[in-house]
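The values are calculated or read from the model by the stated rules, or taken from the named source; none is laboratory data. In this text the structure is predicted, and so the values were computed from the model without any measurement. Here the Cβ is made from the backbone with ideal geometry for all residues, glycine too, and neighbour counts use every protein chain on show. All accessible areas refer to the heavy atoms of the entire protein, side chains included, with ligands and DNA or RNA removed. Shrake-Rupley method; radii C 1.70, N 1.55, O 1.52, S 1.80 Å.
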Amino acid sequence: MGKATVIPFGPQHPVLPEPLHLDLVVQDEKVIEVIPQIGFIHRGLEKLVEKKDIHQFIYVAERICGICSFGHSLGYAETVEKLMGVEVPRRAEYLRVILHELSRIHSHLLWLGLAADAFGFEALFMHSWRIRERVLDIFEATTGGRVILSAVQIGGVIRDIDDEELKQISATLDGMRSEYAELMATFLNDTSVRSRLVNVGRLTQAQAEDLCMVGPFARASNVKFDCRMLGNGAYGELENFQPILDDEGDCYARVRVRCKEVIQSIDIIQELIAKIPHDGIGERSKLTPPDGAQAANVLEQPRGECYYYARGNGSKNLERMRMRTPTSQNLAGLVAACEGAELADVPNILLTIDPCISCTER
């Protein structure tokens with residue numbers, strides 16, 4: 001056995017697109033220990049609730065993460081609405097879920113492209129991002145933004161999406177479905193992809209549950225939990241939602257779960273478009289959070305369960321706003337997946353976990 005060596009991995013790395021810093025303890029090209037270093041890009045966003053009122057802070061929440069931006073604005077708004085007892089019209093809830101599922105498609109396609117880039121499949125990377133552009137075009141047409149949408153307000157949504165626009169969205173998704181099916185077939189059947197991902201970074205269901213993993217990372221190890229099962233908002237009106245599961249627990253299983261979740265999100269959007277109500281989109285609430293009132297909320301972000309907590313003090317500013325993001329919950333699983341792996345497989349393992357350090361170090 002050779003001598004153990006510590007190799008710093010990140011925060012700048014040619015393959016990993018996130019500023020993640022790991023100290024890898026390596027012996028004979030095998031990783032025997034992983035020590036994460038957290039805090040490289042901490043911005044103190046939660047502290048800003050003391051300076052920004054409840055309506056201003058929604059734009060801060062949106063900037064916790066670029067890829068999860070809509071989800072953070074939605075999770076924050078739902079928490080404050082629960083805190084103040086604000087009811088949101090059903091049409092606004094439908095539009096929120098439609099935009100959230102579009103964000104999930106956008107996030108998963110971006111991630112699939114980055115994963116392909118990590119194992120050297122450049123054509124797959126470019127095709128993933130080419131299809132993703134159609135989702136960004138939908139965002140631009142309906143909200144004016146491509147990544148930061150600023151579409152949610154406390155009490156509803158800022159702008160309606162009329163029925164004709166919704167039909168166009170449904171038609172666009174139909175066109176994407178066939179192209180995406182070819183892309184997914186390459187991800188799941190190509191021998192060069194399988195050779196880099198199968199039996200790499202494996203975690204069992206017991207490990208995933210013990211480490212409290214969330215999101216596609218956990219569901220690829222057969223953990224049957226998805227916050228959408230709770231039925232919050234318009235998710236409660238879906239006919240037969242079931243989370244996508246895989247029991248292999250390796251990098252390939254994580255790719256397979258996210259590939260299938262894109263199709264699932266398209267189905268959810270089209271189901272909601274077909275039966276969207278017409279009771280208005282709501283208006284900005286004029287209420288103030290009561291002194292001592294508390295509320296908590298969970299939302300299934302593209303990377304998994306995100307927990308939100310808020311406490312009021314009787315003023316227009318919250319006293320406390322706290323988020324627990326999926327990647328911070330998955331760090332223990334990330335460490336476990338890398339330990340025992342070959343050094344050359346570490347970038348692939350990290351990419352299939354889909355870490356978001358901007359969310360983690362908010």
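Below are the figures for this structure:
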item: Global geometry of segment 39-105, whether rounded, prolate or oblate, following the gyration tensor of its Cα atoms and the 1.5 cut on a/c; result: oblate
item: Cβ-isolated cysteines (cut-off 4.7 Å), the chain; result: Cys212, Cys227, Cys251, Cys259, Cys306, Cys338
item: Carbon and sulfur %, accessible surface of segment 150-203 computed with the full protein complex present, 1.4 Å; result: 48
item: Rounded, prolate or oblate (a/c below 1.5 giving rounded, otherwise prolate when a/b exceeds b/c) for segment 1-135 by Cα gyration tensor; result: oblate
item: Kyte-Doolittle mean at least -0.5, axial Cα span of 30 Å or more - DSSP H helices of the chain; result: 90-118, 122-143, 163-189, 251-274
item: Accessible area per residue, Å², segment 3-78 with all protein chains present, probe 1.4 Å; result: 47
item: Cα gyration tensor category, rounded, prolate or oblate, for segment 161-268 with a/c compared to 1.5; result: oblate
item: Most mobile listed residue (Ile35, Ile54, Ile244) in the chain, GNM with C-alpha springs under 10 Å; result: Ile35
item: Lysine pair number, Cα distance threshold 24 Å (strictly under), the chain, separation 8 or more or different chains; result: 17
item: Positive dipole terminus of segment 84-124, leading residue within Ala92, Phe119, Ile105 (C-beta point charges); result: Ala92
item: All Cα pairs of segment 318-362, percent lying beyond 18 Å; result: 37
item: Choice from Leu20, Leu287, Leu149 with maximal GNM fluctuation in the chain (Cα, 10 Å cutoff); result: Leu287
